[in-house]
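Reading through the structure tokens given below for one structure.
FYI, it's all coordinate maths here, none of it is from the lab. It should be emphasised that the depicted structure is a prediction, and the values quoted were computed from it without experimental measurement. Using ideal geometry, Cβ is built from the backbone for each residue, glycine included, and neighbour counts are taken over all protein chains shown.
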Amino acid sequence: MGWRSTMILTRTQITYLLRVLKNRSPKGDEPNLGFVTHTDKSFTTILHQNQINGLEIDTRDGQKINVDFSSPSSFVVIAGDAFMAWSNDRIHSPSHRVIMKGEVDRYSLALFSFGNGIVEVPEELVDDKHPLQYKPFEHLGLLRFFRTDEGYKAKCPIKAYCGV
Ligand SMILES: O=C(O)CCC(=O)C(=O)O
Ligand SMILES: [Fe+2]
């Protein structure tokens, strides 16, 4: 990617959202689903937790990765839907979920980044092999769209919001 692509990102103001989440270890018949399968609506998400595994990430080719947070300094970076759209589908925004297994409560931190303005695919990322997949879109508008019935039920919310 050339310098112009980088410029487009650095000119955009970023809003960060820090989410602190607790998943209680399931008691008795309680379901073990800690967080339903979803893709993040962010540009990027940085995840950290108290060394209790449970995060499952689907790869592009249909494999499942059980993320192993084996060190207190482990963290995971996930590309969100806005990064996928900006990259014209070169970067994949993976589905993921949390399954609770052991007897210890799980605490996780998620730092989401959102662009404040309009996100658009840089022209360097559009060519014959990679036709334009997304119209310019307001990133925070994606969050509003996801809160509508149409957005929430869409198979791929980002495509429903601004797909070509
Ligand atoms: O708790 C986790 O490890 C994942 C949380 C998550 O996927 C999210 O907050 O979007
Ligand atoms: Fe997530």
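Could you tell me whether any residue of segment 44-61 is within 18 Å of the chain's Cα centre (by Cα) and without any contact (Cβ under 8 Å) to a residue 12 or more places away in the chain? For segment 44-61, residues within 18 Å of the chain's Cα centre (by Cα) and without any contact (Cβ under 8 Å) to a residue 12 or more places away in the chain: present. In segment 53-62, is there at least one residue being more than 15 Å from ligand 1 (Cβ to nearest atom), surrounded by 13 or more Cβ atoms within 10 Å (Cβ to Cβ), assigned to a loop (DSSP other than H, G, I, E, B) and of a type in the set (Asp, Glu)? Scanning segment 53-62, I find no residue that is more than 15 Å from ligand 1 (Cβ to nearest atom), surrounded by 13 or more Cβ atoms within 10 Å (Cβ to Cβ), assigned to a loop (DSSP other than H, G, I, E, B) and of a type in the set (Asp, Glu), so the answer is no. Of all the residues in segment 97-118, those that are out of contact with any Phe, Trp or Tyr (no Cβ under 8 Å at 6 or more places or on another chain) and not aliphatic (A, V, I, L, M) number 9. Counting only residues that are under 20 Å from residue 140 (Cα atoms) and within 16 Å of ligand 1 (Cβ to nearest atom), segment 96-119 holds 5 of them. Look at residue 70 and say whether it is surrounded by fewer than 12 Cβ atoms within 10 Å (Cβ to Cβ), in contact (Cβ under 8 Å) with a residue 12 or more places away in the chain and assigned to a loop (DSSP other than H, G, I, E, B). Yes. A count restricted to segment 124-159 and to residues that are crowded, with 16+ Cβ neighbours inside 10 Å, free of Cβ contacts under 8 Å to residues at least 60 places away in the same chain, in contact with a helix residue (DSSP H, G or I) (Cβ under 7 Å, 6 or more places away or on another chain) and in a helix (DSSP H, G or I) stands at 2.
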